[in-house]
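Student: Next up is a structure, given as structure tokens.
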Amino acid sequence: MSDSSLSIRDVERLLESSSAEARIDTMQKLAGDLEKGGLTDAERSLALEVMHCFAADAQVAVREAVAWQIRNNAMLTAELAERLVKDVARVAFPILRDAGSLSDELLLDVLADPDAGKHMAVANRHTVSARVAGAVVETGNVAVVTALLRNPGAELAEPALHRALDRFGRVRMVSEAAATRPGLPLAVVERLVAFVSDAVRATLAHSHGLSKDLVDRLANRGRESATLRLLRPALRGNEDVEAVARWLHANGRFTAALLFRVLCAGDVALFAAGLGAKAGIPAENTRKLAWDDGALGLRAVLKKASVAPVLVPPFQVAIATAKRMGYEGSDNRRDDFQAEVMADLFAALTPTNEWVVDELLLQLFDGASDEVIDRALDQAGLPFAPVRGTGT
């Protein structure tokens, strides 16, 4: 027997010593004997039984050493793997990350454990199935999801990519990790354009053959969605609405698209104030002109606000919906209004040959909840949403 093999003295030292270091040293020698072979069947059976005892050792350091020693070794039986992955994260980590024999069912059980360390190990496996990757996206924190997106061995289906962007798309390391993945679906690329830096955006455009015009439009769309989301908490009291509208206009942020988003989101006061700021007339006068029953008032104020004539019909439909419902911007009817206005717009204006109008209508999906989208599609008789929103 060589110096690295387990001797009678080693066994006696193991039995007598309470030192974790002594047991780890003994375990490593035992593992070496098992790897080299040459043991009789009886000796191998006994050695494996001893290894199981080490895997159940009272001290974490010993169990951790076992896990690292056998993480990608034939000694890792299904029973031993299950015991180790259900241990604390530092013990489970090497098995979860490196053991290729683990079943998806076992990995999904592990992901039900809230321990982020275990989630990180699964995200970094050499291969991650689409089923497991979807569960990682759903349960992992921002660091875990970033690691998964950076893992070339992870199979990420399109719904999982969208879910990752729903949860963390505005976190730079997540969006940039997603952007570096090859073979992204076009719908995912379009969403990423709004989140990433100019340099990454250029790479996306080149990799996926997007025109500069489309990239610019998508980027603006993302900024407008973010603006509305950030403003929403400040719009609960109408006393600040005109000040917000003036600030947005002064900083060049109140585009026609954002104005339309605000209207269809149910923020009627901000719409009137924003339209007034763009047109250079008081908000109250703007509201009277826009809500006038004749055809000229809204068209005149939109023209003065430099809104393209082709976009007048969507504004007309949205305001007609608000008037029919008697909607004034109250929170308790906001979801009803959003669903109704989306349904009316798609029923009245699609199909259209005007890409500007198409863009305007598609942007509505960025700001509505899934419940509102489903109701609107059902009312309009449409089968699906082109791109789901972020629930903001």
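Student: Under the condition of being at pLDDT 85 or above and more than 16 Å from A123 (Cβ to Cβ), which residue from the range 147-181 is least open to solvent (accessible area, probe 1.4 Å)?
Tutor: Step by step, filter the range 147-181, then rank; the result is L165.
Student: When you check N285 against the structure, is it open to solvent by 70 Å² or more (accessible area, probe 1.4 Å), modelled with pLDDT under 85 and of a type in the set (S, T, N, Q), yes or no?
Tutor: When the stated conditions are applied, N285 does not pass them.
Student: Confirm whether D57 is modelled with pLDDT of 75 or more, part of a loop (DSSP other than H, G, I, E, B) and surrounded by 17 or more Cβ atoms within 10 Å (Cβ to Cβ).
Tutor: Spelling it out, it is not the case that D57 is modelled with pLDDT of 75 or more, part of a loop (DSSP other than H, G, I, E, B) and surrounded by 17 or more Cβ atoms within 10 Å (Cβ to Cβ).
Student: State which residue pairs qualify: first residue open to solvent by less than 50 Å² (accessible area, probe 1.4 Å) and inside the range 82-99, second residue of a type in the set (S, T, Y) in any location, beta carbons under 7 Å apart, and separation of 6 or more residues or different chains.
Tutor: So the pair list comes out empty.
Student: The conditions are (1) more than 25 Å from E64 (Cβ to Cβ); (2) out of contact with any Ser or Thr (no Cβ under 6 Å at 6 or more places or on another chain), and A143 fails exactly one of them. Which is it?
Tutor: (1)
Student: Here's something else I'd like to know. Starting from the range 173-188, keep only residues that are outside any loop (DSSP other than H, G, I, E, B), then list their pairs with residues that are among the aromatic types (F, W, Y) whose Cβ atoms are within a distance under 9 Å, requiring at least 6 positions of separation or different chains.
Tutor: V174/F168; V174/F195; S175/F168; S175/F195; E176/F195; A178/F195; A179/F195
Student: Open to solvent by less than 20 Å² (accessible area, probe 1.4 Å) and either on the phi > 0 side of the Ramachandran plot or modelled with pLDDT under 70 (or both): which single residue out of S18, S5 fits that description?
Tutor: Unique residue meeting the criteria: S5.
Student: Could you give me the residue pairs with C-beta distances under 7 Å whose first residue belongs to the range 137-162 and is outside any loop (DSSP other than H, G, I, E, B), whose second residue is of a type in the set (F, W, Y) wherever it lies, and which are 6+ apart or on separate chains?
Tutor: V142/F168; V145/F168
Student: List pairs: first residue in the range 265-290 and farther than 17 Å from S306 by Cβ, second residue basic (K, R) and assigned to a helix (DSSP H, G or I) anywhere in the structure, Cβ distance under 6 angstrom, at least six positions apart or on different chains.
Tutor: Close Cβ pairs (under 6 Å, with a partner that is basic (K, R) and assigned to a helix (DSSP H, G or I)) amount to G266/R334.
Student: Also, quick follow-up: Mind counting the residues in the range 290-307 that are surrounded by fewer than 22 Cβ atoms within 10 Å (Cβ to Cβ) and part of a helix (DSSP H, G or I)?
Tutor: Final tally of qualifying residues: 7.
Student: Within the range 318-331, which residues are free of Cβ contacts under 8 Å to residues at least 60 places away in the same chain and crowded, with 17+ Cβ neighbours inside 10 Å?
Tutor: A318, I319, T321, A322
Student: Given L289, L298, L275, L270, which one is within 25 Å of A250 (Cβ to Cβ) and in contact with a Phe, Trp or Tyr (Cβ under 8 Å, 6 or more places away or on another chain)?
Tutor: L298
The values are calculated or read from the model by the stated rules, or taken from the named source; none is laboratory data. The model shown is predicted, which means the values in this text are computed figures rather than measured ones. Glycine gets a Cβ as well: all are built from the backbone with ideal geometry, and neighbour counts include every protein chain shown. Just the protein is used for accessible areas: all its heavy atoms, side chains included, with ligands, DNA and RNA removed. Shrake-Rupley method; radii C 1.70, N 1.55, O 1.52, S 1.80 Å.
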